[in-house]
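In what follows, a single structure is set out as structure tokens and then discussed.
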Amino acid sequence: MNPEGKWFTYASTDPAVFHATLSLTAQHRAFAAGNVGLEEYYYHRGEAIRLVTERLGKPDEELSDATIGAVALLASSDVR
């Protein structure tokens with residue numbers, strides 16, 4: 001997903017991408033504050049993972065752009 005293209009549309013309309021985006025944002029905020037407030041990060045990360053997991057059993061959603069984007073956002077939070 002190109003941040004200058006459809007990303008914002010996905011983030012504002014797709015729950016998995018929305019929570020993955022909020023998770024990444026919460027992680028950055030927590031790191032900037034000295035690892036304070038990681039609860040928000042874990043909540044949104046958990047919701048994004050739950051939603052992606054639900055989609056893995058649905059052939060029409062498991063390889064959608066939004067699902068792949070949510071997984072990419074979740075993976076980017078693991079890279080330091």
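Comparing mean-square fluctuations of A16, A48, A26 from a GNM of the chain with C-alpha springs under 10 Å, the top value falls on A26. Listed by Cβ neighbour count within 10 Å, with the fewest neighbours leading, V79, V17, V36 appear as V79, V36, V17.
Angle of helix 15-32 to the longest C-alpha principal axis of the chain, folded into 0 to 90 degrees and rounded to 10: 20°. With one equal scatterer per alpha carbon and no solvent term, the Debye-computed log10 I(q)/I(0) for the range 10-78 at 0.28 1/Å reads -1.17.
Calculate how steeply helix 38-55 sits against the longest principal axis of the alpha-carbon atoms of the chain, using the helix alpha-carbon long axis, and give the answer as 0 to 90 degrees to the nearest 10. Roughly 10 degrees between the two axes. Computed from the C-beta positions of R29 and L63 and an R0 of 30 Å, the FRET efficiency is 0.45 to the nearest 0.05.
The value of relative contact order for the chain, using C-alpha pairs under 8 Å at least six residues apart, is 36 percent.
Ellipticity at 222 nm from helices only: DSSP H runs of n ≥ 4 in the chain, each -39500 (n - 2.57), divided by the residue count, give -22000 deg cm²/dmol. Subtracting the Cα-Cα distance of V79 and Y42 from 0.36 nm times their residue separation leaves 11.7 nm of extension gain.
Throughout, read-outs are computed from the coordinates displayed, never taken from laboratory work. Note that the structure is predicted; figures quoted are calculated from it, not measured. Positions of Cβ are backbone-derived with ideal geometry, glycine not excepted, and every protein chain shown enters the neighbour counts.
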